1. Under a straight-distance cross-link criterion of Cα-Cα below 16 Å, which aspartates and glutamates are reachable from K187, leaving out those fewer than 8 residues away in the same chain?
2. Label-point separation (nm) for W188 and V14, each offset 7 Å from Cα along Cα-to-Cβ?
3. Please list, in order along the stretch 30-40, the HN-Hα scalar couplings obtained from phi with the Karplus expression 6.51 cos²θ - 1.76 cosθ + 1.60 (θ = phi - 60°), rounded to whole Hz, x for Gly and Pro.
4. Only counting other Cβ atoms within 10 Å, I'd like I272, I280 sorted with the fewest neighbours first.
5. By its C-alpha gyration tensor, with a ≥ b ≥ c as the square roots of the eigenvalues, how is the stretch 51-149 shaped: rounded for a/c under 1.5, else prolate for a/b larger than b/c, else oblate?
6. Rounded to whole Hz and in sequence order, give me ³J(HN,Hα) for the stretch 155-166 from the Karplus expression 6.51 cos²θ - 1.76 cosθ + 1.60, θ = phi - 60°, writing x for Gly and Pro.
7. Could you work out how much longer the chain between E178 and W238 gets when fully extended? Use 0.36 nm per residue separation minus the Cα distance between them, nm to one decimal.
8. Cross-link candidates for K65: which aspartates and glutamates have Cα within less than 19 Å, leaving aside residues fewer than 8 places away along the same chain?
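Please treat every number below as a calculation from the coordinates, not as lab data. Everything quoted here is computed from the prediction, not taken from an experiment. Using ideal geometry, Cβ is built from the backbone for each residue, glycine included, and neighbour counts are taken over all protein chains shown.
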Amino acid sequence: MSLIDKKNVRKRIVKRIAINTSLKGLFFSATLFSLLILAVLFYRVFTQGFEHLSLDFFTNFASRKPGEAGIKAAIHGTIWLIAITAPVSIILGVGCAIYLEMYAKKNTFTRFIQMNISNLAGVPSIVFGLLGLTVFVRMFEMGRSVLAGGLTMSLLILPIIVVAAQEALRSVPQDLQEASYGMGASKWQTIRRVVLPAALPGMMTGSILALSRAVGETAPLIVIGALSYVAFVPENIWSGFTVMPIQIYNWTGRPQAAFHDIAAAGIIVLLIMLILMNSIAVAIRNKFSKRY
């Protein structure tokens, strides 16, 4: 190699190192900036709302007086909503994923279904609220009930669960299925005893993360007519309800500064619930994931 070629190679190496260093610094700055914004948000919320976290805050209903306002109805409404959303969305989502991955033939129809599921995962949540208002509230005359809200939120997170379940099923090695068939097992026995146990961690992780999104959504429930001021606890699936995001939204819309502090306390409770759900998803993935 001539001296000129060596110099050119050295220049290219120096240039690549400089570009790599610049990009590394850029990405690190972006990460640092994001963490800084998150830290400021947490600091503001906790310093503003921590002093309002008391037993009365969890046992009182919403009130027009800031000192007496609580989040009891919103917590119970959120629990009722998840109690309906979780089984409906998980059963339908996992069932759809099993059909598409294990039974359906790979043709134009299944590709069309797959494309629509992927597109639905990116549709704005308010569109699902309009769908729930048209189908569940008006067509099936469910009214502003917990059932209508739970079914609407199930539609919202159903595409996410389907995609997550499909990815979990695809991660199961084909050798395991062939070994099960070789032992004389039927297709359903292979799915139930081999495929599902191996794919369960990924399915549960995706489902819990999808449910955590449902907990934090507001727009679809406002569209179907969920109440913003509730002084009672839902008694059954036909009762009116509110959830924590709507209650927080209602407090932040009040002109009194005291309600803003109470809204910050509600945000703390909501963040703790979301962090717990996400932590459970991570724990399940780490505990039950297997490498084949």
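1. E101, D175, E178
2. In this crude spin-label approximation the distance works out to 7.2 nm.
3. Rounded to whole hertz, the list is 5, 5, 4, 5, 5, 5, 5, 4, 5, 5, 4.
4. I272, I280
5. prolate
6. Per-residue couplings from phi come out as 4, 5, 9, 4, x, 5, 5, 4, 5, 5, 5, 5 Hz.
7. Length gained between E178 and W238: 16.8 nm.
8. E51, D56, D261
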